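Just so you know, all these numbers are worked out from the coordinates, no wet-lab data involved. Computed from a predicted structure; not experimentally measured. Quick reminder, even Gly has a Cβ in these numbers, built from the backbone with ideal geometry, and neighbours come from all protein chains shown.
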Amino acid sequence: MHNYIDYRKIERPLKFQNFTVEIGFGSGDYILKMAKDNTDEVFFGIEKSWIPVNKLIKKCRKYDLKNVFCTKLDAYWAFQFLFNDRSVKRIIMNYPDPWFKKFHEEKRLTRRENLYIYAKKLMLNGEIKIRTDDYAFVEFTLQESELIGCFSVSLSKPTIDKPLTKYEKRWLSIGKSIWDIVLIKDKEPIPIKIKEIREVKALFPVRIEKDKLNLQDISHREFKIEEGLYLKCFSVWKRDEDYALEVLLSENSFLQAFMIIIKKKEGYFIMDVSQFSEIFKSEGIKKSMDFLSKMLIKEIE
């Protein structure tokens, strides 16, 4: 899949420079039109679901587009993992989910932590273009952008050109207002505290110095390993004296699901991530493996 970027399998950050990123590309029509109209430029789409990603890949093949790339990942982590600082010229968000309830603020694409990451990756004079039909989201975005201290801001009601998105057709038919926000980076952002993930080069197998194991002690349990690092264990499968354990790791809200394999050796066990689990090799996975090994030899309860 030429157009798909798997962040777990490539050399990072990407070498792209002076390119455009669309967050939440949906049907893919907008990013495809930009790519067709500007064949000498690179366009990168970010989505959290396989459905739009697969649709975009098929359309890229249909039109033989070599200047469109995409990934399935939360935008917050995609920007951190994949892009160089000061490499992106434009970020586009068309009708992002406003997550209108107060307790959903953490999910908004324009909360200050996200805007800080975007700003770090934007070139000087690069811009973020946001189109929305939710004025409360407009106010939230403008307030959050002030805290980053690096944007000049403009707000307008656009003239909507065809082709219309399904949202624009709906909103315009009922007379709803649509807003354009443009944030232009005119200096580097004020540093703020953000969530980060540390990558490790390799995850070495963990040796468990025990002759017998009882994985029922950890089956279907949740553990707090440290602040921001949580592990949930699910089903355990056993064959002879070998085990497979299904787990979910939350590392600063970055989720990874994978299988852990535990194999019996002469007088001890070896625990490792299954070779069939595709993971981002993070410090959190290493810590979770060490934690589980201590649980199994009863060093911690």
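Over what distance in Å are the Cα centres of the stretch 102-146 and the stretch 170-212 separated?
Computed from Cα coordinates, the inter-centre distance equals 12 Å.
Can you tell me the length gained on complete extension of the stretch K264 to I190, counting 0.36 nm per residue apart and subtracting the Cα distance?
21.4 nm
Please rank V53, V236, fewest neighbouring Cβ atoms within 10 Å first, as an exposure proxy.
Sorted ascending by nearby Cβ count, the order is V236, V53.
Just want to confirm a number: the relative contact order over the stretch 155-259, from Cα pairs under 8 angstrom separated by 6+ residues, in percent.
Once divided by the residue count of the stretch 155-259, the mean separation gives 15 percent.
What are the aspartates and glutamates whose alpha-carbon lies under 20 Å from the alpha-carbon of K157, with same-chain residues fewer than 8 places away excluded?
Within the straight-line limit of under 20 Å, K157 reaches these aspartates and glutamates: D97, E127, D133, D134, E139, E168, D180.
Counting pairs of alpha carbon atoms under 8 Å apart in space and at least six apart in sequence, what relative contact order in percent does the stretch 1-145 give?
27 percent
Could you give log10 I(q)/I(0) at q = 0.20 Å⁻¹ for the stretch 192-269, computed by the Debye formula over C-alpha point scatterers of equal weight, without solvent?
Log10 of I(q)/I(0), two decimals: -1.01.
Based on the alpha carbon coordinates of the stretch 19-185, what radius of gyration and maximum Cα-Cα distance (Dmax) apply, in Å?
Computed over the Cα atoms of the stretch 19-185, radius of gyration and Dmax are 15.5, 43 Å.
Please list, or write none, the lysines whose alpha carbon is within less than 29 Å of the alpha carbon of K210, excluding same-chain residues fewer than 8 places away.
Here the lysines satisfying the reach criterion relative to K210 are K201, K224, K232, K238, K263, K264, K265, K281, K286, K287, K294, K298.
Determine ³J(HN,Hα), in whole Hz, for all residues of the stretch 203-209 in sequence, where each value follows from phi through the Karplus function 6.51 cos²θ - 1.76 cosθ + 1.60 and θ = phi - 60°; x replaces Gly and Pro.
Along the stretch 203-209, the couplings run 10, 6, x, 9, 8, 10, 7 Hz.
Using helices alone, I'd like the mean residue ellipticity at 222 nm for the chain: each DSSP H run of four-plus residues gives -39500 (n - 2.57), total over residue count, nearest 500.
-7500 deg cm²/dmol
Compute the length gained on full extension between D240 and Q216: take 0.36 nm times their separation in residues and subtract their Cα-Cα distance, giving the result in nm to one decimal.
Once the chain is fully extended between D240 and Q216, it gains 7.1 nm.
Return the long-range amide H neighbours of F44 (sequence gap of 5 or more, or a different chain), with a cut-off of under 5 Å between placed amide H atoms.
Distant-sequence amide H within range of F44: T20, V21, E22, F69.
If you plug each phi of the stretch 87-92 into the Karplus form 6.51 cos²θ - 1.76 cosθ + 1.60 with θ = phi - 60°, what whole-Hz ³J(HN,Hα) values come out, in order, with x for Gly and Pro?
Each residue of the stretch 87-92 in turn: 10, 9, 9, 8, 10, 10 Hz.
Relative contact order for the chain: what percent, with Cα pairs under 8 Å and sequence separation of 6 or more?
RCO, the chain: 13 percent.
Looking only at chymotrypsin sites (Phe, Trp or Tyr not before Pro) in DSSP loops with at most 13 other Cβ atoms within 10 Å, what is the longest site-free stretch of the chain?
101-267
Treating each Cα of the chain as an identical point scatterer and ignoring solvent, apply the Debye formula and state log10 I(q)/I(0) at q = 0.13, 0.14 Å⁻¹.
Normalising to I(0) and taking log10 leaves -0.97, -1.07.
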